[in-house]
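Below: one structure, written as structure tokens.
The values are calculated or read from the model by the stated rules, or taken from the named source; none is laboratory data. On a predicted model such as this, the values are computed, not experimentally measured, just so you know. Note that each Cβ is placed from the backbone with ideal geometry, even for glycine, and that neighbours are counted across all protein chains shown. Surface accessibility is based on the protein's heavy atoms, side chains included, excluding ligands, DNA and RNA. Shrake-Rupley method; radii C 1.70, N 1.55, O 1.52, S 1.80 Å.
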Amino acid sequence: MDNPVIWRPTPERIQNAHVQSLMRRLGVSSRKALWEKSVSDISLFWKSVVEDLDLQWISPYKKVVDVSRGLPWAKWFIDGKINIADQCIDRHKATRPNHPALVWEGDDGSSRTLSYQEFSDQVSQCANALKGLGIQKGDTVGILMPMLPETVVQLFACFKVGAIAIPIFSGFGIEAIAARLKGSQARLLFTSDVVYRRGKAIEVKKTADAAVAEAPCVKHIVVVKRGDGKGAWAAGRDIWWNDFLTDQDTQCPSEPTDAEAKALILFTSGTTGKPKGAVHTHIGCLATIGKELRYSFNVDENSRFFWFTDIGWMMGPWEMIGVTLLGGTLFLFEGAPDYPTPARLWETIERHHLTHLGISPTLIRLLMRSGDEPLKGKDLSSLQFLGSTGEPWDPESYSWFFEKVGQKRCPILNISGGTEVIGCLLLPLPIDDLKACSLSGPGLGVDADVFDESGASVRGGIGHLVVKQPLPSMTKGFLNDDKRYLETYFSRFPNVWYHGDWAHVDGDGHWFLHGRSDDTIKVAGKRIGPVEYEAALLSDDRVSEVAAIGVPDSLKGEVCVCFAVLKPGVKVDDALRSELMQTAVNALGKSLAPKEIRFLTLLPKTRSAKIVRGLIRRLYLGEPAGDLSSVENLDSVNAVKSAR
């Protein structure tokens, strides 16, 4: 039996939804007609979106979309010039200079607020300082920062001068950071001396120094002083943030950038090879993110928006661009949601009158461990919308979030897309009925479908999530690797975007996801390829082969288990296991540490020498092995079963 509807919007919510203005502009009166219109004429739809968002062009575009080279190479808003910083900062400075743009709360409870005027001033100072170091249009700049106001300033300063920002997860290890800096040829890196979590200072600059030693392309490191300022310092290379801004003018016009000019490179890991760089443009970010936050999350100048994320994950730049584009207030959070007490997150919502809370199922499972007691007496009445992404929900956690946190009066806008589209393929609108754990359906303008193996549309059963028409925010290939881009998204179904998720549509038309159809591992919603784990362990000369798999975890949703084949004569003991575990932590960061490392004599492989990770995963979980016809060395099956 299909799940029942648990949420129906009130007539007042429907009437006040911003999507109504888009419906009027397109001349439709129903949700169904709106989506159909959005995919039947994508040129008209996206033209209507940018007009409804009131995007202001430096130079007007001549054509909305050009698909003459096929879906993979679609171009948008041809010949138009626009700049993210101009749209998100400059125009708000003139109309609401004193309105709070950013509100930050630290691990110790301290807080800071930047108005749009102050935000604009600092972005211009940072942009002028970047230009003073020779950073110009098309150069790449790394951002290895915790979620501080300075982080947002740095991102928009890159946009303002036409540089390409490279956000990097602040919890990554040395090798992961170095790979992203080298891959993008970053000339400058922003970082902080430390970040605070659970009352402890974690050294970020020390890790950054080690990564930059492997990435000689980086010529300058600009350091935000979050701690005591002590630690190693490279004179001539390292610059304190305050010194960087000193004496810089608070005026800096935004660089006129082509609509299709690169704004961001977000690295995401696949199942094979090095991390891949998803390339995003000024108009792709503005159009897609603006559409999602205005029409799905109903964001406006009265919103106080918080998504529990990091600059290095897609949701960081997504919320920074979307909230400021719409003139709202972005809330930034340092630390853990349950420190110093299990009630911290709920107290934060009450203290800052937050209207939107976005969080992963993993964090909800963590908070559920403390029960309902921390919620008692907390005023969460400011909340209007709950959001989630990163991994599939389980019904128990979803119900707790909906009933205990949202008090059954806030819809859970469960969204899913990816780094490669810096946005969502599936997401609800505030006028939608919702079922538990569902994602409602395809986003506006997203011509999504569920295909079986033959490429036929399927309903009622599980199939592959695909997209049949282009979106402005689809990655412009992969950085320096167009062949891999085509193989990843367009080799399974010709001229159709294959996203790599299992999905199904129930009898009532509600969409659900069932995890990745490839080998990518999602630890607490953070995507990382098995190859990054394998490369870390293979750096130890006692290891000859490694296979990494993702397995279910009650807290994180998924964790990594590594299977290692050792070189002859190497003794297996607890010391070796501990040393290899530390090697993985050093490379990837503590939050992405493997759950365990097992040792075996040989790995299951195909005749073309590809490791069969899916088989290893099934054997580890005690599931049927399935078709073994492609496995060359069948003795490896027993080797996995007996792995120590």
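Centroid-to-centroid, using Cα positions, the stretch 176-205 and the stretch 419-448 are 33 Å apart.
The calculated FRET efficiency for Glu623 paired with Asp394, based on their beta-carbon distance and R0 = 25 Å, is about 0.85. The residue list Leu538, Gly138, Pro97 was ranked by how far each Cα lies along the charge dipole of the chain toward its positive end, using unit charges on Cβ atoms, and Leu538 comes out on top. Distance between the pseudo-spin-label points of Glu579 and Val5 (7 Å out from Cα toward the beta carbon): 6.2 nm.
Cross-link partners of Lys376 among aspartates and glutamates, defined as those whose alpha carbon lies under 19 angstrom from its own and excluding same-chain residues fewer than eight positions apart: Asp338, Glu347, Glu350, Glu403.
Need one word for the stretch 95-163: rounded, prolate or oblate. Basis is the Cα gyration tensor (sqrt eigenvalues a ≥ b ≥ c); a/c below 1.5 gives rounded, then a/b vs b/c decides.
On the way: a/c = 2.90, a/b = 1.51, b/c = 1.93.
Here the stretch 95-163 falls in the oblate category.
Label point of Asp54 set 7 angstrom out along Cα-Cβ; within the stretch 237-258, amide nitrogens under 20 Å from it belong to 254. Size of the chain: Rg and Dmax of its alpha carbons, in Å, are 24.1, 74. Below 15 Å, Cα to Cα, which aspartates and glutamates can Lys219 reach? Residues fewer than 8 away in the same chain don't count. Once the sequence-local aspartates and glutamates are set aside, what remains near Lys219 is Asp139, Asp209, Asp238. Full extension of the chain between Ser457 and Leu133 gives 111.3 nm of extra length, using 0.36 nm per residue less the Cα-Cα distance.
How much of the accessible area of the stretch 54-143, in percent, comes from carbon and sulfur atoms when a 1.4 Å probe is used? Of all accessible area on the stretch 54-143, carbon and sulfur atoms account for 46 percent. What the Cα convex hull of the stretch 1-128 gives, in volume per residue, is 265 Å³.
Ligands, DNA and RNA are left out, and with a 1.4 angstrom probe the accessible area of the stretch 304-394 is 27 Å² per residue.
In whole Å, how far is the Cα centre of the stretch 549-607 from that of the stretch 470-517? Spelled out, the Cα-based centre of one part sits 29 Å from the other. Summarising the label geometry, the points placed 7 Å from Cα in the beta-carbon direction at Arg112 and Lys62 lie 4.5 nm from one another. The coefficient of translational diffusion for the stretch 486-643, derived via Stokes-Einstein from the alpha carbon Kirkwood radius under 4 °C and 1.567 mPa s, stands at 76 µm²/s. The aspartates and glutamates within cross-link reach of Lys641, meaning a Cα-to-Cα straight distance under 16 Å and a gap of 8 or more places when in the same chain, are Glu596, Glu623.
Please work out the Cα center distance from the stretch 286-325 to the stretch 346-410, rounded to the nearest Å. Each part reduced to its Cα centre gives a spacing of 18 Å.
What fraction of the DSSP beta bridges in the stretch 527-644 is antiparallel, stated in percent and rounded to the nearest 5? Mind showing how you got there, number by number?
Details: 12 of 17 bridges.
Approximately 70 percent, going by the DSSP bridge assignments.
Cβ-Cβ distance of Met368 and Lys590, R₀ of 25 Å, FRET efficiency by 1/(1 + (r/R0)^6): the value works out to about 0.65. Taking Cα centre as origin and charging only the Cβ of basic (Lys, Arg, +1) and acidic (Asp, Glu, -1) residues, the dipole magnitude of the chain rounds to 460 debye.
For the stretch 322-452, the average shadow cast by the Cα convex hull is 9.3 nm², which is a quarter of the hull's surface. Measuring nothing but protein heavy atoms, the accessible surface of the stretch 498-613 at 1.4 Å probe radius is 51 percent carbon and sulfur. Label sites at Asp482 and Val572, each approximated as a point 7 angstrom past Cα along Cα to Cβ, lie 4.8 nm apart.
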